[in-house]
């Protein structure tokens, strides 16, 4: 092998190894940090993973929001009009969180089957319905009038 | 009547852009100089028409002309004048108009500042920009006309999304678009080079300043967006890996690779094909960014528009641009042989490694952003990819990037030895290690390995840049502006690394419940809550909290976070109370009224946060200095003389 070829080969090997390493890193990160979306009836049917983060979306049930006295812990029910899951959250709820609104939460199920949310997302638009929630409501035939999405 | 003038001007601009796109190419094919000269006149006329169209739309907003549907949908009489003007680009149609106007402005600038570049090249460059413009203008005319009228005329318009009523956001989109569209110049130069089959040092010298300036705008645009998200969205973070942020980061990463690869192409005649590919992809990713943000395919706060027809148009446009450029590349790239040979230990290798890392980073962001869309489209489940994914990949990738960033500067072009490199860098390496170990021990409450690593990278990047300027063998003040630019940009990167590291490691935040008079201690500061009042704003009613921060019993800051209500049909807005400082930010946001005067509050202490944006400003300043180096003008004059001599000999 000529020196020039050897140099080029070294370079190519280095680059391939580096990119391969990056790809492995990416694959691993993908596996660990992907959050699937579930609907309440899938959770009650036991399809959702226990002790792994996922996203749960639905409508906040009217009159279900309960705040613990003197703390920031809130409990509310999320429904897809088929089943209902109780969500626990400690912290500040977004501006647009309210009863009857479609929202998405991210968190995990605990052993007793209630959902501990790390994050509650309500989008920045009064008419906005998260697309995932809109779809599950459509399936249940409960999409409110005038919701284009 | 006036809106019709705007509409008519837009149609004329479209026709002119088609002429600008097609006629010079015909001239090019036949070698007719006068036909090619059409490009310069066409772009002037086209710019004038776009200025008229843009001016008319702005006037419609200022005059509250609600017969124009776009105005009625995005403005009302209660809106302050400055936000009526920024509302012009607050939504889909107007931002496209801004995009196209900026494109014609860039093309006008190219035709004006490139008198020394041969007419053949300028004609090709302008015609490619004309074709891109024709695509965007037809998009506007056929799917999203900003001048469309509506009858009956509503008495009052809908309000602009309150999130957008903010000075930071008024200038964020124009900055970002200047960057996005600026890459169209590099793209046009790349296509012109492939079409002409010639790519030499002179070509790289023409393309470099334009690419640098586009990159500068993009840098400022991204920094502004990050700053805006920090103080306006009330979440207190500075980067969320939101798809829209990713959309602007991708062209930035590839653009950063491009400006460095162009340097190699100019100085060493190497990386030619790679530079062309990067130019094509920097612009394609800018188009993808526009597509992602404006088509509504993303579940994101930014996707204000949602109309599948428009999304399809941009998608097909994108495929056409990428497809035709890559076809041209596959056909012509083998002809463009790189002439510069280099050894394994050389600056070229360093730049190559960093180019590859930047591209891998860009691919990571691209995958993470598009993966949820792809799985959903293929009905494989609804995934979301959050910040942990991006952090898990980007942080490890950035370590080798920064290491090579330092070595690259100290290495010599073409051939160097490991021995010399070690001798050059030993001092810097020792100094960086000392900084990385001693600073955390002295100042930090606890020794954090991540902090040491971040400081090591930051001081390494900054010190190698300083060392490089000092070792040029000339007094720093006699060195060209480009050297200063590179040094300042690298130091800026070091500042950003420092900011990111310290704010990530030592950020403290807490959601708390406070009654008036109560206080809470966070990171040594005592936050005292003095209750909430109601205040009246120009077009909103706000609940305004008063929080005082005390350090050792002494009052150091007063913050007034607000919760604004913009009236019926509008969402409430959280306006954070921020006390900014060079070494720390205090940040308070109002949560909810919990009854009895008690409120939930979110308080943050963010050390060194400002360094992230100060670093970005330095990077931009450095890029600007590099672009303004007089070498480009001097050498351009020489290149022009040589070319003319060649033409005369032939």
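The values are calculated or read from the model by the stated rules, or taken from the named source; none is laboratory data. Since this is a predicted model, take the numbers as computed values, not measurements. In this analysis, Cβ positions are derived from the backbone assuming ideal geometry, glycine residues included, and neighbour counts consider all displayed protein chains.
Of all residues in segment B:381-390, those being surrounded by fewer than 17 Cβ atoms within 10 Å (Cβ to Cβ) and either more than 10 Å from chain A (Cβ to nearest Cβ) or in contact (Cβ under 8 Å) with a residue 12 or more places away in the chain (or both) number 1. Return a yes/no flag: does segment B:618-626 have any residue that is crowded, with 21+ Cβ neighbours inside 10 Å, touching a helix residue (DSSP H, G or I) at 6+ places or on another chain (Cβ under 7 Å) and either in a strand (DSSP E or B) or within 14 Å of chain A (Cβ to nearest Cβ) (or both). Checked against the condition, which is being crowded, with 21+ Cβ neighbours inside 10 Å, touching a helix residue (DSSP H, G or I) at 6+ places or on another chain (Cβ under 7 Å) and either in a strand (DSSP E or B) or within 14 Å of chain A (Cβ to nearest Cβ) (or both), segment B:618-626 yields no hits at all. Considered as a group, the residues in segment A:40-54 that are part of a loop (DSSP other than H, G, I, E, B) and surrounded by 15 or more Cβ atoms within 10 Å (Cβ to Cβ) include one that is farthest from the other protein chains (Cβ to nearest Cβ), and that residue is A:48.
May I ask you to verify whether residue B:298 is farther than 25 Å from residue B:348 by Cβ, in contact with a helix residue (DSSP H, G or I) (Cβ under 9 Å, 6 or more places away or on another chain) and at pLDDT 95 or above? Answer is no for this residue.
Answer yes or no: is there a residue in segment B:431-443 that is touching a helix residue (DSSP H, G or I) at 6+ places or on another chain (Cβ under 7 Å) and under 30 Å from residue B:634 (Cβ atoms). No: zero hits. When each of B:120, B:69 is tested for being in contact with a strand residue (DSSP E or B) (Cβ under 7 Å, 6 or more places away or on another chain), surrounded by fewer than 22 Cβ atoms within 10 Å (Cβ to Cβ) and at pLDDT below 95, the lone residue that passes is B:69.
Beta carbons closer than 7 Å, at least 6 apart along the sequence or on distinct chains, pair a first residue in segment A:66-83 that is in contact (Cβ under 8 Å) with a residue 60 or more places away in the chain with a second that is in a strand (DSSP E or B) for A:80/A:58.
Residues considered: B:196, B:135. Of these, the only one that is at pLDDT below 95 and closer than 20 Å to residue B:98 by Cβ is B:135. In this structure, does residue B:593 turn out to be touching a strand residue (DSSP E or B) at 6+ places or on another chain (Cβ under 9 Å) and not in a loop (DSSP other than H, G, I, E, B)? Criteria met by residue B:593. Just one of the numbered conditions (1) touching a helix residue (DSSP H, G or I) at 6+ places or on another chain (Cβ under 8 Å); (2) within 22 Å of residue B:387 (Cβ to Cβ); (3) not in a strand (DSSP E or B) is not true of residue A:57: (3). Scanning segment A:3-27 for residues that are touching a helix residue (DSSP H, G or I) at 6+ places or on another chain (Cβ under 7 Å) and more than 14 Å from residue B:353 (Cα to Cα) returns A:25, A:26. Candidates B:401, B:370: the one that is within 13 Å of chain A (Cβ to nearest Cβ), at pLDDT 95 or above and under 24 Å from the mean Cα position of the chain (by Cα) is B:401.
If a residue has to be assigned to a loop (DSSP other than H, G, I, E, B) and surrounded by fewer than 16 Cβ atoms within 10 Å (Cβ to Cβ) to count, how many in segment A:69-82 make the cut?
Residues of segment A:69-82 assigned to a loop (DSSP other than H, G, I, E, B): A:69-72, A:80-82.
With the extra rule that they be surrounded by fewer than 16 Cβ atoms within 10 Å (Cβ to Cβ), the set shrinks to A:69-71.
Going through segment A:69-82 one residue at a time, the tally reaches 3.
Check segment B:205-214 and report whether any residue there is more than 19 Å from the chain's Cα centre (by Cα) and either more than 20 Å from residue B:609 (Cα to Cα) or assigned by TED's automatic domain parsing to the domain that holds residue B:88 (or both). There is at least one residue in segment B:205-214 that is more than 19 Å from the chain's Cα centre (by Cα) and either more than 20 Å from residue B:609 (Cα to Cα) or assigned by TED's automatic domain parsing to the domain that holds residue B:88 (or both).
Summed over segment B:327-342, the residues that are within 11 Å of chain A (Cβ to nearest Cβ) and surrounded by fewer than 18 Cβ atoms within 10 Å (Cβ to Cβ) give a count of 1. Restricting segment A:1-39 to residues that are part of a loop (DSSP other than H, G, I, E, B) and surrounded by 15 or more Cβ atoms within 10 Å (Cβ to Cβ), the residue that is nearest to the other protein chains (Cβ to nearest Cβ) is A:33. For segment B:506-518, the candidate set comprises residues that are surrounded by fewer than 17 Cβ atoms within 10 Å (Cβ to Cβ) and in a strand (DSSP E or B); within that set, the residue that is farthest from the other protein chains (Cβ to nearest Cβ) is B:508. The single condition among (1) within 14 Å of chain A (Cβ to nearest Cβ); (2) crowded, with 21+ Cβ neighbours inside 10 Å; (3) closer than 22 Å to residue B:508 by Cβ that residue B:549 does not meet is (1).
Checked against (1) out of contact with any helix residue (DSSP H, G or I) (no Cβ under 8 Å at 6 or more places or on another chain); (2) within 11 Å of chain B (Cβ to nearest Cβ); (3) surrounded by 11 or more Cβ atoms within 10 Å (Cβ to Cβ), residue A:66 meets all criteria but (2). Scanning segment B:343-365 for any residue that is over 20 Å from the mean Cα position of the chain (by Cα), surrounded by fewer than 18 Cβ atoms within 10 Å (Cβ to Cβ) and either free of Cβ contacts under 8 Å to residues at least 24 places away in the same chain or at negative phi (or both) turns up at least one such residue. A Cβ distance below 6 Å, combined with a sequence gap of six or more or placement on separate chains, defines the contacts here; from segment B:572-590, residues that are away from chain A (no Cβ under 14 Å) reach no residue that is in a strand (DSSP E or B) and at pLDDT below 90.
Here residue B:629 passes the criteria (1) more than 23 Å from residue B:237 (Cα to Cα); (2) surrounded by 21 or more Cβ atoms within 10 Å (Cβ to Cβ) except the one numbered (2).
Per-residue answers, yes or no, for (1) surrounded by fewer than 23 Cβ atoms within 10 Å (Cβ to Cβ); (2) out of contact with any strand residue (DSSP E or B) (no Cβ under 8 Å at 6 or more places or on another chain); (3) farther than 24 Å from residue B:15 by Cβ:
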site	(1), (2), (3)
B:107	no, yes, no
B:138	yes, yes, no
B:143	yes, yes, no
B:163	yes, no, yes
B:166	yes, yes, yes
B:169	yes, yes, yes
B:178	yes, yes, yes
B:181	no, yes, no
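Please find, among B:494, B:452, B:465, the residue that is free of Cβ contacts under 8 Å to residues at least 24 places away in the same chain and either under 29 Å from the mean Cα position of the chain (by Cα) or part of a helix (DSSP H, G or I) (or both). Walk me through how you get there before you give the answer.
On the way: B:494 fails: free of Cβ contacts under 8 Å to residues at least 24 places away in the same chain; B:465 fails: free of Cβ contacts under 8 Å to residues at least 24 places away in the same chain.
Going through B:494, B:452, B:465 in turn, just one is free of Cβ contacts under 8 Å to residues at least 24 places away in the same chain and either under 29 Å from the mean Cα position of the chain (by Cα) or part of a helix (DSSP H, G or I) (or both): B:452.
Among the residues of segment B:591-614, the ones that are within 14 Å of another protein chain (Cβ to nearest Cβ), at positive phi and touching a residue at least 24 places away in the same chain (Cβ under 8 Å) come to 2 in all.
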